[in-house]
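Remarks on the structure that follows.
The values are calculated or read from the model by the stated rules, or taken from the named source; none is laboratory data. All values reported here derive from a predicted model rather than from experimental measurement. As a convention, Cβ positions derive from the backbone with ideal geometry for all residues, glycine included, and neighbour counts pool all protein chains shown. SASA here: full protein model, heavy atoms, side chains in, ligands and nucleic acids out. Shrake-Rupley method; radii C 1.70, N 1.55, O 1.52, S 1.80 Å.
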Amino acid sequence: MDFLRPASWEEALAAKAEHPTAVPIAGGTDIMVEINFDHRRPQYLLDLNRIGLLSEWHVGEETVQLGASVPYARIMENLRTELPGLALASHTVASPQIRNRGGVGGNLGTASPAGDAHPALLAAGCQVEAESVRGSRLIPIDDFYTGVKRNALEPDELIKSIHFKKADGPQQYSKVGTRNAMVIAVCAFGIALHPETRTVRTGIGSAAPTPIRAKAAEDFLNAALEEGGFWDNGKIITPSIAKQFAELVSGAANPIDDVRGTASYRRHAVGIMARRTLGWTWESYRGNGRSTEGVA
């Protein structure tokens, strides 16, 4: 195994162009596990730890540009207001040591359906900036996951950053595991309210071959909130709406039975998380200067 260690982003892109099969390594929290257990033996490792721009983030008036290697711990500490769903997801990642090393770029590169960041990324509606010596492009997160542990990157591309709009409404994240730390998710769910566009987005993890959105549930909830004037009057969402939303989220899941949980349990748990996180986000929205008149 050859170890490539570029000193600049340009050198990294050139190395990836010359060696398209090279596996990028930054935090190393995924690839080193595979190598240590002899599950993977790449011909080249492309070390990105000397590339400073990958560990930087920029907060603009309306957007956030997050470097691919910004550690989860930094997201938790510095971007709770701008990226609340991702900050909550970051808090569930493994242990403090791993949160100090791992970043969102690693989750995206691996594209495992169990990656903790994916539901929050889908709910937020971000874009992934991929770059090669040929140029750069923005990949909508909805188009990024192409199959089981496969993504939309070309062989010569590297993930440079992730682009978000600042949160304009409450976001939540929930994860089920066998314990509170150092655990792969049995299933996970993210939700984000977008009051500016009067829409709700979701993300489901570890309950389908790829991370997915529950689009039918989103469509139902968006219509129900609009028809009932909920965005304006701030009323409590009725139990029937919450129940239907949860059932549609559960129906969107396409899980399998494995050592972490059964398919039926995953579907049930995803529905419970959807109902609860909808309640939490809506209560937060109602409390943010919205009228609290009306009862369910």
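At least 1 residues that are of a type outside the set (Lys, Arg) and over 15 Å from Leu153 (Cβ atoms) in each: list the helices (runs of 4 or more DSSP H) lying fully within the stretch 50-139 that qualify. First the steps, then the outcome.
Working: elements: 72-78, 84-91, 96-99, 104-110, 118-124.
The qualifying helices (runs of 4 or more DSSP H) are 72-78, 84-91, 96-99, 118-124.
Check Gly169, Gly125, Gly190 and return the single one that is in contact (Cβ under 8 Å) with a residue 40 or more places away in the chain, over 16 Å from the mean Cα position of the chain (by Cα) and closer than 30 Å to Gly234 by Cα. First the steps, then the outcome.
Values: Gly125 fails: over 16 Å from the mean Cα position of the chain (by Cα); Gly190 fails: over 16 Å from the mean Cα position of the chain (by Cα).
Just one listed residue meets the conditions, Gly169.
If I ask for residues that are open to solvent by 10 Å² or more (accessible area, probe 1.4 Å), under 24 Å from His194 (Cβ atoms) and touching a residue at least 40 places away in the same chain (Cβ under 8 Å), which ones from the stretch 85-106 would you list?
Matches in the stretch 85-106: Leu88, Thr92.
Scan Gly147, Gly205 and give me the residue that is closer than 30 Å to Ser132 by Cβ and in contact with a His (Cβ under 6 Å, 6 or more places away or on another chain). Steps first, please.
Numbers: Gly147 fails: in contact with a His (Cβ under 6 Å, 6 or more places away or on another chain).
Of the residues listed, the single one that is closer than 30 Å to Ser132 by Cβ and in contact with a His (Cβ under 6 Å, 6 or more places away or on another chain) is Gly205.
I'd like the full set of residues that are of a type in the set (D, E, K, R) and either surrounded by 18 or more Cβ atoms within 10 Å (Cβ to Cβ) or under 22 Å from Leu83 (Cα atoms) (or both), limited to the stretch 170-196.
Lys175, Glu196
Kindly indicate whether any position in the stretch 144-163 is within 15 Å of the chain's Cα centre (by Cα), touching a residue at least 12 places away in the same chain (Cβ under 8 Å), open to solvent by 10 Å² or more (accessible area, probe 1.4 Å) and more than 25 Å from Pro209 (Cβ to Cβ).
Scanning the stretch 144-163, I find at least one residue that is within 15 Å of the chain's Cα centre (by Cα), touching a residue at least 12 places away in the same chain (Cβ under 8 Å), open to solvent by 10 Å² or more (accessible area, probe 1.4 Å) and more than 25 Å from Pro209 (Cβ to Cβ), so the answer is yes.
For the stretch 40-79, how many residues are under 21 Å from the mean Cα position of the chain (by Cα), under 17 Å from Asn100 (Cβ atoms) and open to solvent by 60 Å² or more (accessible area, probe 1.4 Å)?
So the answer is 5.
Which one is least open to solvent (accessible area, probe 1.4 Å), of the residues in the stretch 1-39 that are in a loop (DSSP other than H, G, I, E, B) and of a type in the set (A, V, I, L, M, F, W, C)? Working first, answer last.
Restricting attention to the stretch 1-39, the residues satisfying the condition of being in a loop (DSSP other than H, G, I, E, B) are 1, 5-8, 19-22, 26-30, 37-39.
Filter once more, keeping what is of a type in the set (A, V, I, L, M, F, W, C): 1, 7, 22, 26, 37.
Details: Met1: 107, Ala7: 53, Ala22: 2, Ala26: 28, Phe37: 142 Å².
Among those that are in a loop (DSSP other than H, G, I, E, B) and of a type in the set (A, V, I, L, M, F, W, C), it is Ala22.
Given Ala68, Ala89, Ala73, which one is among the small types (Gly, Ala, Ser), under 21 Å from Lys149 (Cβ atoms), touching a Ser or Thr at 6+ places or on another chain (Cβ under 9 Å) and at pLDDT 95 or above?
Details: Ala89 fails: touching a Ser or Thr at 6+ places or on another chain (Cβ under 9 Å); Ala73 fails: under 21 Å from Lys149 (Cβ atoms).
Exactly one of Ala68, Ala89, Ala73 is among the small types (Gly, Ala, Ser), under 21 Å from Lys149 (Cβ atoms), touching a Ser or Thr at 6+ places or on another chain (Cβ under 9 Å) and at pLDDT 95 or above, namely Ala68.
What helices (runs of 4 or more DSSP H) completely inside the stretch 197-252 contain at least 2 residues that are over 18 Å from Tyr265 (Cα atoms), without any contact (Cβ under 8 Å) to a residue 24 or more places away in the chain and open to solvent by 40 Å² or more (accessible area, probe 1.4 Å)? Before you say what the answer is, go through the steps one by one.
Details: elements: 215-227, 230-233, 239-252.
Here the list reads 215-227.
Of the residues Val128, Val186, only one is among the hydrophobic types (A, V, I, L, M, F, W, C), closer than 19 Å to Ala252 by Cβ and modelled with pLDDT of 95 or more; which?
On the way: Val128 fails: closer than 19 Å to Ala252 by Cβ.
Exactly one residue qualifies, and that residue is Val186.
Of the conditions (1) over 23 Å from the mean Cα position of the chain (by Cα); (2) closer than 22 Å to Gly115 by Cβ, Asn254 satisfies every one except a single condition; which number is it?
Failed condition: (1).
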